[in-house]
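Colleague: Pasting a structure here, questions to come.
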Number of protein chains: 10
Amino acid sequence: MLKTKLLHPEILGILGMAGHGSQVLIADGNYPFLTGSPETAEKVFLNLMPGMVKVTDVLAALIEAIPIEAATVMVPDDGAEQAIFDEFRKLLSAGPELTKIGRFPFYDQARLSDTALVIATGEQRIYANLLLTIGVVPPEK
Amino acid sequence: MLKTKLLHPEILGILGMAGHGSQVLIADGNYPFLTGSPETAEKVFLNLMPGMVKVTDVLAALIEAIPIEAATVMVPDDGAEQAIFDEFRKLLSAGPELTKIGRFPFYDQARLSDTALVIATGEQRIYANLLLTIGVVPPEK
Amino acid sequence: MLKTKLLHPEILGILGMAGHGSQVLIADGNYPFLTGSPETAEKVFLNLMPGMVKVTDVLAALIEAIPIEAATVMVPDDGAEQAIFDEFRKLLSAGPELTKIGRFPFYDQARLSDTALVIATGEQRIYANLLLTIGVVPPEK
Amino acid sequence: MLKTKLLHPEILGILGMAGHGSQVLIADGNYPFLTGSPETAEKVFLNLMPGMVKVTDVLAALIEAIPIEAATVMVPDDGAEQAIFDEFRKLLSAGPELTKIGRFPFYDQARLSDTALVIATGEQRIYANLLLTIGVVPPEK
Amino acid sequence: MLKTKLLHPEILGILGMAGHGSQVLIADGNYPFLTGSPETAEKVFLNLMPGMVKVTDVLAALIEAIPIEAATVMVPDDGAEQAIFDEFRKLLSAGPELTKIGRFPFYDQARLSDTALVIATGEQRIYANLLLTIGVVPPEK
Amino acid sequence: MLKTKLLHPEILGILGMAGHGSQVLIADGNYPFLTGSPETAEKVFLNLMPGMVKVTDVLAALIEAIPIEAATVMVPDDGAEQAIFDEFRKLLSAGPELTKIGRFPFYDQARLSDTALVIATGEQRIYANLLLTIGVVPPEK
Amino acid sequence: MLKTKLLHPEILGILGMAGHGSQVLIADGNYPFLTGSPETAEKVFLNLMPGMVKVTDVLAALIEAIPIEAATVMVPDDGAEQAIFDEFRKLLSAGPELTKIGRFPFYDQARLSDTALVIATGEQRIYANLLLTIGVVPPEK
Amino acid sequence: MLKTKLLHPEILGILGMAGHGSQVLIADGNYPFLTGSPETAEKVFLNLMPGMVKVTDVLAALIEAIPIEAATVMVPDDGAEQAIFDEFRKLLSAGPELTKIGRFPFYDQARLSDTALVIATGEQRIYANLLLTIGVVPPEK
Amino acid sequence: MLKTKLLHPEILGILGMAGHGSQVLIADGNYPFLTGSPETAEKVFLNLMPGMVKVTDVLAALIEAIPIEAATVMVPDDGAEQAIFDEFRKLLSAGPELTKIGRFPFYDQARLSDTALVIATGEQRIYANLLLTIGVVPPEK
Amino acid sequence: MLKTKLLHPEILGILGMAGHGSQVLIADGNYPFLTGSPETAEKVFLNLMPGMVKVTDVLAALIEAIPIEAATVMVPDDGAEQAIFDEFRKLLSAGPELTKIGRFPFYDQARLSDTALVIATGEQRIYANLLLTIGVVPPEK
């Protein structure tokens, strides 16, 4: 067992191959994991059962492991704020603002070849997808 | 043996990787399974012999497992209704209306990268193909 | 998203290929997932972070999907009961008694070719591994 | 669509690579398909849902395609005849007698490297497995 | 050994995955099997030695197995009839007329993703390639 | 198209990787190609239809390509000479005598890891299998 | 060991899958074997050490095995004849004239999907690449 | 770029799949990486050039990531202490004692199926191999 | 252990398949290794930990092994010189000048199919990526 | 093109993964490359045509790249010295003596899992196989 907070071997492996500008999709349980992402992206399935694991669980683990430069969320046609967004903001704390885009533009962005990793969750809430862009780890002084 | 109604391991596996907007093709015995679908789609062969299994058998099993948002059927040039369509409607009950399109537009839609799964049947009736679009499982209250 | 309780595509896929007498290992976070199981077993990683997911979470999901005929746990040399065992018993309810064996006999049993699936968890408790034997779904009357 | 009675591409493919003395297992829904057969055997999944397809459906299709030299069934410890055995005999008609063996000897025989193909069914009846040995097609006169 | 006339496991396998509108190329010995067909097409090599097997041998075997809706042949720039064409017509009997096209248009058509299968022969005659389009098996009455 | 007599790409490829003491099995149509040979052996299928190609056709092509040091045939329990053996002798001419062994010893020898290649034919005659051992090409003077 | 002049198993294998119009690149030691050819082309490495093997060695071996319809060489910007070209002409004897093209057009032609095979040599001379087009083996009379 | 000290994606991936009792070999530059370890072990090559990276560099990175329960070193026939051993002891600090074994017993232990990972270094010193056994991460209180 | 300065098996393997005009990317620790390069490029991970190995370490090893014709570096929007550039110039000595381009044009050039190899380092400095173009080894006199 | 004497990418790659005690077989043209070596060994084919390349060519290239600790040759039953052995001795110069063993013991040693690499040549001389054992590169002072 690793001593790090993030333990998942496949997620660690792909994050170690990704970098500045690579995207990571944490998808809710209704997301089309296979058809809504590029073929080249690694898919990791954490959708054990409804509500487990949650998108916010994955975000909490990733925040320990990678710098986050941007974060995009999917919103309904009316652009309505979703309850889960504030949980995202709290976890991202001093991190980037959430960028809101509609369903099909979100799919388009997630299907870019910049997406290195798709993590499927059992999140039951709708419009609960989060598309992260990895930032830069500054050199140690 | 699983305790669920849908037992097929490869179908369950791909459906668990698909989601809102992904397509599933249940193809009759004359459909060009390989060349009439995207390379990326998983192909499952249930065409044991003529008449077994039927497209309606597969639909009955899938209805237990996934929400269905849209259903498209292939029609001849004269747009003629086929006997099997009413069996589809009965099984879909409160589900979506059937959308009718011609042979080549049907191939075009089935070849979209949204198609995650092609299930080959031994259905002998012609114009008996059914292209489903997966919907959303609403959050439990 | 599937309508079943167990959502995980790879777990569903392998369980649908397993059957009476096949073994499923739900391993705690310190288990040697790769080297303590047969090469032929499918490995599924749900070890997101310490404590997530738990062995009991996985058991709760599997119980919905498969009949369980036997359940083996790993115990220290003194055979000491572990706190998690009662959680197992509660979840298995009318199911099989727990069989207790030591660390190396447990590895030997887990490495049998009967083990079809290894599910890695982030369970932090030690001696929290559970090796299930699948039973029979009786014919419907 | 093929003009033959047996339509299934993977079954046809493997049967065309098998021959005199090769074994084909038609397994009921509770059989451990993966762990109760050799790794080298091709596995074909026709277990769509409980009761579909049946072991007898597969036997009916195979009889058209290959000569059958021997047929083995699994019996309980008391060697009790099962209702499905007479259906097997009727389909095999002038073919071989059924050889009855117990559960674990049956697994041992099915795991021989002579088994080229395992066909998983949704057969709900228990003790409904059938292990065929392929015979010889005599030269045309 | 199968009891059918067509015995070849890989040809049977692919034909069982093809269907209405899929193409099958039976290529003479000089055809560029690899570079004159789509990467996705299965290639089967029956070119044992010059003159064995012949394109007409393969056609004779396929006619037993699939319905044929169209047949295209390659002709020289002057569109000259080739001796083998009448052998094709005799074998196709009540089947489709031969469509004649030049060398490069033939390559273009053979390279369409509709081509599921390329069968290489040792046919020594030149301009002896045959590109078949699979038709429909009508439902039994 | 190659200018050699033996044209088959996969057979040429494997023969070029084999050598002194490697075995090549030319199997009649009833031989268990998959289960009666080692997993490591390449399998080439030339069994287009009953009687095509014949074991003697393959032998005629191989004789042009490799030196043959030994040749083993399968005989019935009574060791009876088969009509095809004299065809083998004529083709092998000044080559090795035929060694006759029974069905199961023949399988044992064919399953040795020395077997590099299995060529499946549509030969209809029974007891028509031929197991060749490759010899040495002497240095040019 | 094969009795043919060309012995190389992978070269023989690909040439047997190529045909009229397929290209074969014999590349000098400085050619970008991987990035200057299509991904689909088979790469064979004969670049043991500087000067071994030479492009002319490979040409001498190929001439025995395939008909050659066209031959293209790479020339510097000034189109200067290279010493190795006369060696090519001598080996090709009654074969095709050499077509001379510049470095980048040569790469463009070598990257066409018609290129079935790239043979890397240790040829030290520069501008010593040879791109062959396979011709037709005429039928035996 | 990950925020952890150990950055290597493949090492992180395999360590996340290993656990209590799994072995990790950090091999010096002369070790037979491929033939001195099990086929199933993942091999990671960090042998950029002589002296880079060193075995002690890898140990320093691993110590941050996994608990170490045992450490074995290879010694000459005379069991002589090597200069690098004290560097190992310093890095392992409160960790396990070094166990010294001879060259061939070391190979035997490294080839056990418990070895999940082999890390090749450019370490120039001889007898500088280190075989680690992973320990347990105790549950957080 | 090889006697050359460059020891790394995968780097040596790909460099031996590359040639004049092929590109090699030595990437700093924040580079998006997977998504900022072509799928066809081999990826080698030497990013053990922050600062190990460095981009300059890799350059020092490569200079021994291949001729370098061009070298491109990534610069910030203001085109600012980076401290590491002088280290590159010193190592390249009589080699090519550094070409400076911005972040996104650099990604575009690195994603060309000419890139045969991506070497990931743990280099902590930012704007420390180096994209090399391989030159020509002149013939020995 | 590499600047080293040994240029072959696959040979360099495997030698970089081998080490002290690993074996490399340089086989003459009649050796059973596939069946006379372990499945795990990499096979490299340099058998372009009879006499090219020679076993001594390969030895000359390898000597530049790896230390050689032992060298075994195959001899006839009478143990007769072969003309090529003195060429081996000259190339090995201050290296190991040749160990002579018979045909079948040679196969047994070549099939050990210590053999990492088999290099097939077109060497025409018989009894011209050479089995090398890699030695140690001593640390630089």
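Colleague: To the nearest 20 Debye, how big is the dipole of region J:51-110 about its Cα centre, given +1 on the beta carbon of each Lys and Arg and -1 on that of each Asp and Glu?
Modeller: Roughly 80 debye for region J:51-110.
Colleague: Can I ask one more? Would you be so kind as to identify which of G:92, G:58, G:7 lies farthest towards the positive end of the dipole of chain G, taking Lys and Arg as +1 and Asp and Glu as -1 on Cβ and the Cα centre as origin?
Modeller: Checking the options against the dipole of chain G, the answer is G:7.
Colleague: Which Rg and Dmax, in Å, describe the Cα atoms of region D:78-141?
Modeller: 13.8, 46
Colleague: Treat the protein assembly as shown as a sphere of radius equal to its Kirkwood radius over Cα pairs and apply Stokes-Einstein at 25 °C in a medium of 0.890 mPa s; give the translational diffusion coefficient in µm²/s, rounded to a whole number.
Modeller: Translational D for this selection: 72 µm²/s.
Colleague: Where does the protein assembly as shown land at 222 nm, in deg cm²/dmol rounded to the nearest 500, when only DSSP H runs of n ≥ 4 count, each adding -39500 (n - 2.57), divided by all residues?
Modeller: Roughly -6500 deg cm²/dmol at 222 nm, from the helical runs in the protein assembly as shown.
Colleague: In chain F, what % of DSSP beta bridges are antiparallel (nearest 5)?
Modeller: So the antiparallel bridges in chain F amount to around 45 percent.
Colleague: If I fit a long axis through the Cα atoms of helix J:83-92 and take the longest principal axis of the Cα atoms of chain J, what angle between them do I get, 0 to 90°, rounded to 10?
Modeller: With both axes taken from Cα atoms, the answer is about 20 degrees.
Colleague: Right, something else. Check each of the GluC sites (Glu not before Pro) in region I:6-93 and keep only those in coil by DSSP with at most 14 other C-beta atoms within 10 angstrom; list them in order.
Modeller: Loop-located and lightly packed - I:39, I:64, I:81.
Colleague: Also, quick follow-up: Rounded to the nearest 20 debye, what is the charge dipole size of the protein assembly as shown about its Cα centre when +1 sits on each Lys and Arg Cβ and -1 on each Asp and Glu Cβ?
Modeller: Here the protein assembly as shown has a charge dipole of around 0 debye.
Colleague: Moving to a separate point now. Using a 7 Å offset from the Cα along the Cα-to-Cβ direction at both residue I:93 and residue E:93, what is the distance between the two label points in nm, to one decimal?
Modeller: Reported label-point gap for residue I:93 and residue E:93 is 8.2 nm.
Colleague: Next up: Where Rh denotes the Kirkwood radius from the mean inverse Cα pair distance, what is Rg over Rh for region D:1-68?
Modeller: Reported Rg/Rh (Cα atoms, Kirkwood Rh): 0.94.
Colleague: Given the C-alpha centroids of region D:71-141 and region C:50-81, what is the distance between them in whole angstrom?
Modeller: Centre-to-centre distance over Cα atoms comes out at 36 Å.
Colleague: Note down, for chain H, the three equivalent ellipsoid semi-axes (square root of 5 times each alpha carbon gyration tensor eigenvalue), biggest first, whole angstrom.
Modeller: 21, 17, 16
Colleague: Could you derive backbone 3J(HN,Hα) for region C:67-79 from the dihedral phi with the Karplus parameters 6.51, -1.76 and 1.60 (θ = phi - 60°), listing whole Hz in sequence and x where the residue is Gly or Pro?
Modeller: x, 10, 9, 8, 9, 10, 10, 8, 10, x, 4, 7, x
Colleague: Closest to the B-onto-I rotation axis, which residue of chain B has its Cβ, and how many Å off the axis is it?
Modeller: Nearest residue, distance rounded to whole Å: B:39, 8.
Colleague: Grab every C-alpha pair in region D:30-98, bin the distances at 5 angstrom width from 0 up to the longest one, and report whole percents.
Modeller: So the P(r) values, bin by bin, are 3, 12, 20, 23, 25, 14, 2.
Colleague: Taking a probe of 1.4 Å, how large is the accessible area per residue of region D:1-71, in Å²?
Modeller: For region D:1-71, the solvent-accessible area averages 22 Å² per residue.
Colleague: At a 1.4 Å probe radius, carbon and sulfur cover how many percent of the accessible area of chain A?
Modeller: 53 percent
Colleague: Same structure again: Of the beta bridges DSSP finds with both residues in the protein assembly as shown, what % are antiparallel, to the nearest 5?
Modeller: Just about 45 percent of them are antiparallel.
Colleague: Let me check against my output: what whole-number percent is the relative contact order of region C:16-141, with C-alpha pairs under 8 Å and at least 6 apart?
Modeller: 53 percent
The values are calculated or read from the model by the stated rules, or taken from the named source; none is laboratory data. Keep in mind that what you see is a predicted model, and the values were worked out from it rather than measured. Virtual Cβ from ideal backbone geometry, glycine too; neighbours counted across all protein chains shown. Calculation scope for accessible area: heavy atoms of the full protein, side chains included, ligands and nucleic acids excluded. Shrake-Rupley method; radii C 1.70, N 1.55, O 1.52, S 1.80 Å.
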